[in-house]
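Okay, so here's the structure we're looking at.
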Amino acid sequence: MTRHTYESFLNQKVSEGANDGFDPIWIPDTLFDFQASMVEWAIRKGRGALFEDCGMGKTLQFLVWAQNVAMHTGKPVLILSPLAVSAQTIREGAKFGIEVTPSRDGTITSNLVVTNYERLHLFDSHKFSGVVCDESSILKSFDGARRGEITAFMRKVPYRLLATATAAPNDYFELGSSSEALGYLGSVDMLHRFFVNESNNNSLRRMYGEAPAWRFKGHAETSFWRWVCSWARAIRKPSDIGFDDERFILPELREVIHDIDVSTPPEDTLFALPATNLFDQRKERRRSLTDRCEAVAGLVDGTGKPALSWCHLNDEADTLERVIPDAVQVSGKDSDDAKEEKFLAFIDGDIRVLITKPQIGAWGLNFQHCAHVTFFPSHSYEQYYQAVRRCWRFGQKSPVTVDLILTEGEKRVMQNLQRKSIAADVMFTSLVREMNNATGIIRERPETTPTEVPAWL
């Protein structure tokens with residue numbers, strides 16, 4: 001490092017010579033061209049991350065990666081997935097002739113074993129040659145002890161893969177967590193190397209329940225994205241890495257805002273005003289609960305078509321289940337088996353309307369059979385993004401309608417969600433641009449800024 005600049009070090013890391021993996025052994029014909037390219041890179045990298053938009057086929061990709069690692073090492077690979085996603089992973093493997101078996105107690109019955117993150121403590125890392133973290137962005141939602149347990153487990157395994165969609169907008173700590181899990185730069189070291197704490201704005205961010213803000217040091221932005229590209233690949237569409245988008249053009253997404261008049265008057269005021277802090281927003285959400293749920297019922301009841309209704313409060317879920325006759329709720333009090341059973345019943349068409357919270361079902365599940373989503377806005381852009389993408393993804397045949405239900409008091413929540421949506425587009429565009437610049441995947445690509453924004457902007 002004394003003879004080279006940090007930029008030359010990054011160039012070396014991004015290059016093909018900075019790999020800890022091996023040459024691919026088996027690449028099935030079932031992979032699309034861009035998927036094969038991503039898998040081949042991940043196998044040669046050995047320890048890497050695939051940041052791909054929902055519907056790009058990450059499950060098949062990480063299963064092929066895992067199969068290659070098992071074939072190369074002669075030892076099994078552990079796949080960690082969010083709650084209730086294991087059954088779907090097993091189905092996906094069977095569809096393409098890849099055997100995946102579940103385990104809830106640490107037993108190993110095949111080369112590819114899938115379990116939930118919550119059961120990792122039952123497994124011995126020394127018995128595995130590789131580990132896959134499916135929907136790895138969920139790592140940041142765990143407490144420090146659980147996240148540390150996952151990172152410690154992965155450090156003992158030579159081959160590692162993270163697979164997730166776009167990170168939360170400007171949530172650089174999430175990228176640091178990914179790097180740390182892969183055995184590269186730790187989260188704290190990353191922040192101090194590339195960022196400055198924007199302490200002046202942190203009181204405002206705390207009001208909205210957000211983590212402290214960080215901004216890039218001087219000219220560190222380009223170096224930061226080049227560093228991310230040294231261990232990750234990112235795409236939102238195949239053309240991001242030079243392939244044809246024709247097979248991945250999604251149907252229309254229709255986002256409709258419904259402003260609801262609340263029958264219960266606000267306290268101490270003549271009319272409702274936008275809530276200015278989290279306390280007021282929670283009061284508004286409680287005050288308007290019945291009216292909002294009845295509005296959802298009016299939109300989904302009696303249509304005869306599948307619908308997915310997202311909520312955030314237990315009382316919201318219970319009320320929706322009561323006012324929508326053929327709805328079924330997946331709640332936190334359900335057992336793991338019950339959750340999986342209900343999700344699969346919805347996928348198979350045995351349940352018409354499914355009600356649940358984003359933290360329970362917004363990651364990893366595929367609901368392409370459903371083209372109607374209802375959502376109560378919150379400050380979490382990632383929850384909204386993932387909730388919509390359960391239905392609006394590759395394989396969806398119909399235009400998808402998203403009904404956003406809010407009141408006058410929640411206008412600022414919606415504004416914050418819109419701001420984060422734009423920030424997320426900027427972040428992912430930067431990552432794809434720097435990835436292409438650093439690797440030469442696309443040598444002549446004009447620098448652009450995001451022009452497509454949600455309809456409600």
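The values are calculated or read from the model by the stated rules, or taken from the named source; none is laboratory data. Bear in mind the structure is a predicted one, so any value in this text is a computation, not a measurement. Cβ: placed from backbone, ideal geometry, glycine included. Neighbour counts: every protein chain shown.
Residue count for the range 159-191, restricted to those that are at pLDDT 80 or above and either crowded, with 17+ Cβ neighbours inside 10 Å or not assigned by TED's automatic domain parsing to the domain that holds Cys54 (or both): 20.
The condition (being within 18 Å of Gly361 (Cβ to Cβ), buried (at least 20 other Cβ atoms within 10 Å of the Cβ) and assigned by TED's automatic domain parsing to the domain that holds Gln383) is satisfied by just one residue among Val300, Val328: Val300. Those strands (runs of 3 or more DSSP E) of the range 307-357 in which at least 2 residues are more than 23 Å from the chain's Cα centre (by Cα) and within 26 Å of Pro399 (Cβ to Cβ), considering only elements entirely within it, cover 327-329.
Cβ-Cβ contacts under 7 Å between residues 6 or more apart (or on different chains), taken from a first residue in the range 64-76 that is under 15 Å from Glu40 (Cα atoms) to a second residue that is in a helix (DSSP H, G or I), are listed as Val64/Val39; Trp65/Val39; Trp65/Ala42; Trp65/Ile43; Asn68/Ile43.
Entry remark, the range 299-347: residues being in contact (Cβ under 8 Å) with a residue 60 or more places away in the chain and in contact with a Pro (Cβ under 8 Å, 6 or more places away or on another chain) number 2 in total.
Considering every residue within the range 117-132, establish whether at least one is without any contact (Cβ under 8 Å) to a residue 12 or more places away in the chain, in a helix (DSSP H, G or I) and not β-branched (Val, Ile, Thr).
Of the range 117-132, the ones without any contact (Cβ under 8 Å) to a residue 12 or more places away in the chain are none.
So far as the range 117-132 goes, no, none of its residues is without any contact (Cβ under 8 Å) to a residue 12 or more places away in the chain, in a helix (DSSP H, G or I) and not β-branched (Val, Ile, Thr).
Quick check on Arg233: is it in a strand (DSSP E or B), modelled with pLDDT of 85 or more and surrounded by 17 or more Cβ atoms within 10 Å (Cβ to Cβ)? Against the criterion (in a strand (DSSP E or B), modelled with pLDDT of 85 or more and surrounded by 17 or more Cβ atoms within 10 Å (Cβ to Cβ)), Arg233 qualifies.
Residues Glu294, Glu284: which one is modelled with pLDDT of 65 or more, under 18 Å from Asn416 (Cβ atoms) and in the same structural domain as Leu313 (by TED's automatic domain parsing)?
Details: Glu294 fails: under 18 Å from Asn416 (Cβ atoms).
Of the residues listed, the single one that is modelled with pLDDT of 65 or more, under 18 Å from Asn416 (Cβ atoms) and in the same structural domain as Leu313 (by TED's automatic domain parsing) is Glu284.
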